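Chemist: I am attaching a structure below and will ask some questions about it afterwards.
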Amino acid sequence: MRRFLPLLILLASALLIGCFSESGEASGDSVVLQTRLFAMDTVVDLTVVAPDEATARRAIDEAARTIQSIQTWGSADDPASETARINAVAEGYSGSVSEDLAATLRIALDIAAVSNGAFDPTIRPLVELWNFSGESSVVPPAEELAELLPLVDYRQVELVGDKLISPAGYRLDLGAVAKGYIVDQALLTMRSNGATAGLVSAGGDVAGFGERPTGGAWVIGIQHPRLPEQLFGALPLNNAAVATSGDYERYFELDGVRYHHLLDPATGSPARGLTSVTVLAPTCAEADAWATAVFVLGLEAGLALLEEQPELEGLLLYEIEGQLQQLMTAGFSDEMELIE
Ligand code: AMP
Ligand code: MG
């Protein structure tokens, strides 16, 4: 842990910068700029390292613009977004979609197939019924859930190139993958604008490239699922991405039961068994989607699917009688430093 401590302090102090604020510092031959914005319902922190101030500023400004662009296509909750407009076509949608939406949906449909539908981008009707983003704390009646289950089936949606066919009643929700996708896009934007290294952190989704200004890999903290002020572990990021899905992000409690936003398409209700899942992957879109998919699959099936895929590593946390338990892939335990 000792070797990561200075960086964790650096990350923690970065988090203290106010909304939309910016800070910069010169480090050796490079300039480091940081900025924070609010997008995708969460705080997004961007850091760029570049050879000079003008390059750093352009790279961070363009990356911030990329992050904001998700609002135009990916936020199903925003009626003006492309996703919401597609969902609003009562007779079903048939037509072309934007490059970003197509790319995100392609990843989502692939992971839906590999996870056997535990991950499903047509989950929207259930998301609307539970309405976790609307501060609802009502458990929907079983009949209403049962009625909607046939409308959650990724196999009914067809995407060929940029042409989407989505039958009547089916509605898209890319909330479990779009944030990761846009983090990847922001890093690409930084690179193409001359940054030599960069880090983007959006809620539980983090990805970086290059080395941190003082040398060595970026290091990120994994949130403790039950102690919000505390980190569970620290993980170095070598041109990779990490995402966490947890039952603590959006939830309400009723009669001692926690109802959270990660829904099992098989039952229509919150997936049971795990507390949080962290996935390490080559891209943040994959990390994001797999964290949600593994959460829904549960301990055994989720871990088995991670172990089958050499490019993925993961940490699964769960509770037994209030005690936090952990299981992880071998690659994850090699990398992570537990924070006591
Ligand atoms: P994340 O925080 O990345 O795990 O994403 C959670 C969001 O993904 C939820 O707020 C829903 O919009 C959506 N979602 C919930 N359950 C699923 C599921 N089984 N498959 C795909 N998306 C889901
Ligand atoms: Mg996700």
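Bear in mind these aren't lab numbers, they're just calculated from the coordinates by the rules spelled out. None of the values given here were measured: they were computed from a predicted structure. Cβ coordinates were reconstructed from backbone atoms using ideal geometry, including for glycine residues, and neighbour counts include every protein chain displayed.
Chemist: Assuming a ≥ b ≥ c are the square roots of the Cα gyration tensor eigenvalues, decide whether the chain counts as rounded (a/c under 1.5), prolate (otherwise, with a/b larger than b/c) or oblate.
Modeler: Here the chain falls in the oblate category.
Chemist: Just grab the label-to-label distance for residue 128 and residue 91, each label 7 Å out from Cα along the Cβ direction, in nm (one decimal).
Modeler: Inter-label distance under the simple model: 1.9 nm.
Chemist: Shape verdict for region 72-176, please, from the Cα gyration tensor: rounded (a/c under 1.5), prolate (a/b greater than b/c) or oblate.
Modeler: Numbers: a/c = 1.67, a/b = 1.39, b/c = 1.20.
It comes out prolate by the Cα gyration axes.
Chemist: Extension gain residue 257-residue 226, at 0.36 nm per residue separation less the Cα-Cα distance, in nm?
Modeler: Computed gain between residue 257 and residue 226 is 9.7 nm.
Chemist: Is the shape of region 183-340 rounded, prolate or oblate, going by the alpha carbon gyration tensor and its root eigenvalues a ≥ b ≥ c, with a/c under 1.5 for rounded and a/b larger than b/c for prolate? Write out the running numbers ahead of the final one.
Modeler: Values: a/c = 1.82, a/b = 1.73, b/c = 1.05.
Prolate shape, in that a/c is at least 1.5 and a/b is the bigger ratio.
Chemist: Any idea what the relative contact order of region 38-117 is, in percent, if you count C-alpha pairs under 8 Å spaced at least 6 apart? Present the calculation step by step, with values, prior to reporting the outcome.
Modeler: On the way: 42 pairs, mean separation 13.1, N = 80.
Result for region 38-117 is 16 percent.
Chemist: Write down, largest first, the equivalent ellipsoid semi-axes of region 281-340 in whole Å, where each equals the square root of 5 times an eigenvalue of the alpha-carbon gyration tensor.
Modeler: 19, 15, 11
Chemist: With an 8 Å cut-off on Cα pairs and a minimum separation of 6 or more residues, tell me the relative contact order of region 72-176 in percent.
Modeler: This gives 40 percent for region 72-176.
Chemist: From the helices alone, meaning DSSP H stretches of at least four residues, give me the mean residue ellipticity at 222 nm for the chain, per-run term -39500 (n - 2.57), in deg cm²/dmol to the nearest 500.
Modeler: Mean residue ellipticity at 222 nm (helix-derived): -9500 deg cm²/dmol.
Chemist: Right, here's the next one. For the chain, with only Lys/Arg (+1) and Asp/Glu (-1) charged at the beta-carbon, what is the dipole magnitude about the Cα centre, in debye rounded to 20?
Modeler: Details: 19 positive and 48 negative charges, 111 e Å.
For the chain, the charge dipole is close to 540 debye.
Chemist: Of 200, 31, 139, which has the largest mean-square fluctuation in a 10 Å C-alpha GNM of the chain?
Modeler: Sorting by GNM fluctuation, first place goes to 139.
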